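One structure is given here, and the rest of the page talks about it.
The values are calculated or read from the model by the stated rules, or taken from the named source; none is laboratory data. For clarity, every value in this text was computed on a predicted model and none was experimentally measured. Glycine also receives a Cβ, built like all others from the backbone with ideal geometry; neighbour counts cover every protein chain displayed. Note: accessible area is taken over every heavy atom of the protein model, side chains too, but ligands, DNA and RNA are not part of it. Shrake-Rupley method; radii C 1.70, N 1.55, O 1.52, S 1.80 Å.
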Amino acid sequence: MATFSLQSPLCTSPIANYWNDHALMSSMLQSPKRHKKLISRCNFGSTFCIRNKDGNGVGWGWGGLPHSPPHSSINLVVAMSATQSENDLIITEKKEPKERRIVVTGLGVVTPLGDDAHLFHTNLLEGVTAISDIQGFDCSEFSTMLDYINLKSLSTDGWVSPKVGKKADKYMIYALVAGKKALADAGITEQVSGELDKRRCGVIIGSAMGGLHVLSDGFEAIKVSYKKMSPFCIPYSLTNTASAALAMDLGWTGPSYSINTACASSNYSILNAANLRIKGDTDIMLCGGSDGAIIPAGIAGLVACNVLSQRNSEPTKAARPWDADRDGFVMGKGAGVLLLEELEQAKFISAGVIYTFLKSGVGMVSCMEKALAQSGVAKEDVNYINAHAPSTRLGDLREYQAVIRCFGKNPELRMNSTKSLIGHLLGASGTAEAVATIKAIQTGWIHPNLNLENPDKDVDAKVLVGPKKERLDIKVAMSNSYGFGGHNSSILFAPYKGN
């Protein structure tokens with residue numbers, strides 16, 4: 001029996017029946033205790049979800065293929081056996097499934113400015129920076145000797161077992177802590193977790209470098225003897241291990257994998273996690289990115305690429321996006337994780353749901369324009385951009401030019417770079433910056449651009465946030481992440497008013 005899909009003349013979707021293959025079969029349970037806790041947070045909490053062109057949930061997937069048809073469409077399933085003629089067609093009308101709105105209900109971070117989302121954002125607003133000399137190894141012969149060092153004080157007590165912490169790579173530990181903190185932020189306690197259908201709970205944690213620490217240790221060990229190699233060297237060095245470790249720790253057996261699109265890994269992970277939930281394949285998803293590649297090989301490799309700052313005499317002034325005296329980025333480390341649920345299941349979370357949409361594109365301008373078009377957001381409604389802006393000579397300027405080409409000179413538009421305060425977290429940067437964007441919408445405060453003392457002559461300083469935090473009533477926010485190899489991504493956030 002073959003199955004086909006017919007569209008009504010009013011349907012604008014090239015694949016009108018896509019959603020019918022993925023009917024929502026949610027078996028997720030929610031604890032009354034969680035409801036009580038979350039209702040108590042409604043006065044100050046916010047959540048976030050995916051938006052489509054008509055404002056009713058994301059209808060678009062990879063490559064622009066829609067997951068849900070517009071309301072005007074009628075889905076027809078045509079069943080025909082191999083021996084039937086066209087005159088024998090049996091046509092059955094099939095109603096559209098309820099559209100799914102994906103919401104971010106939990107935030108987890110491990111950053112140089114704190115391993116709590118609120119503390120992280122508070123430090124951003126105050127212009128705090130944790131940059132200093134690299135202290136983990138001798139880098140006296142390197143042209144770059146800078147690092148964000150606060151993570152050495154990260155406490156894993158209660159988050160990572162001593163057994164795992166002793167053997168695991170740092171990027172795995174960061175992901176485990178951030179992932180569990182996202183669950184805690186959403187009110188998912190051990191009791192609530194026990195009520196979940198874990199077959200429908202998944203994890204996608206991206207990473208640019210993976211377990212570089214463990215791999216480097218293996219290279220050193222084999223110089224002595226292959227018998228000195230740890231059995232964890234290969235599995236813990238792979239970029240999928242953070243997702244796997246978090247899923248196994250939680251007992252989740254739904255989709256679990258990683259994505260590596262260099263510095264855009266986080267945004268691509270969010271997109272894939274959202275699509276799984278939109279299709280109805282999962283109930284909840286943990287997604288984001290993690291990296292901790294500050295070792296001699298990691299630093300030396302980027303020094304060879306000529307992308308790191310060499311302002312060794314003034315560490316706190318090294319990261320300076322859009323400043324005329326910028327000379328490269330400062331490498332950071334950490335993780336960011338979001339918890340995604342479906343709006344109807346998460347309706348008790350908050351009155352301040354935020355719709356989001358992510359889209360990848362060939363070029364920066366194309367990427368941003370597609371995100372706007374497919375989410376139904378007018379350019380003039382975007383008044384805040386958390387830019388990728390790593391503090392490189394070429395990268396900052398190209399992104400600025402792309403923004404102006406896309407949005408024009410909007411007097412209300414404000415733009416900043418979180419990397420000016422926390423450095424470049426590589427594959428984790430996208431989610432850390434998404435958290436900064438979400439917190440900006442929640443609080444109405446956007447953080448400063450640190451060290452923007454002498455703006456590049458080719459940028460309009462009026463667009464850029466100054467050296468102090470600013471008040472901003474955000475209509476729609478965009479967070480950009482770009483990776484080596486042309487992996488471009490833009491994600492939109494906008495306040496949800498409950499309609």
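Heavy atoms only, 1.4 Å probe, whole protein assembly: order Asp281, Asp456 by accessible area, highest first.
Details: Asp281 60, Asp456 15 Å².
Result, largest first: Asp281, Asp456.
Per-residue extension of 0.36 nm, minus the Cα-Cα distance of Asn312 and Thr189, leaves a gain of 39.8 nm for this segment. The listed peptides 119-125, 439-445, ordered by packing as a protection proxy, come out as 119-125, 439-445 (highest mean of other Cβ atoms within 10 Å first). Residue order by solvent-accessible surface for Arg398, Arg326 is Arg398, Arg326, largest first, with ligands and nucleic acids left out and a 1.4 Å probe.
Computed FRET efficiency, Cβ-Cβ of Lys163 and Arg199, R0 30 Å: what is it to the nearest 0.05? Walk me through the intermediate numbers first.
Details: r = 26 Å, r/R0 = 0.87.
E between Lys163 and Arg199, to the nearest 0.05, is 0.70.
Residue pairs exceeding 24 angstrom between C-alpha atoms, taken from Lys409/Lys475; Lys163/Lys419; Lys198/Lys439: Lys163/Lys419; Lys198/Lys439. Can you list the aspartates and glutamates whose alpha carbon is less than 15 Å from that of Lys166, not counting same-chain residues fewer than 8 positions off? Partners within reach: Asp157, Asp217.
Of Asp197, Asp138, the order by accessible heavy-atom surface (1.4 Å probe, DNA, RNA and ligands excluded), from most exposed downward, is Asp138, Asp197.
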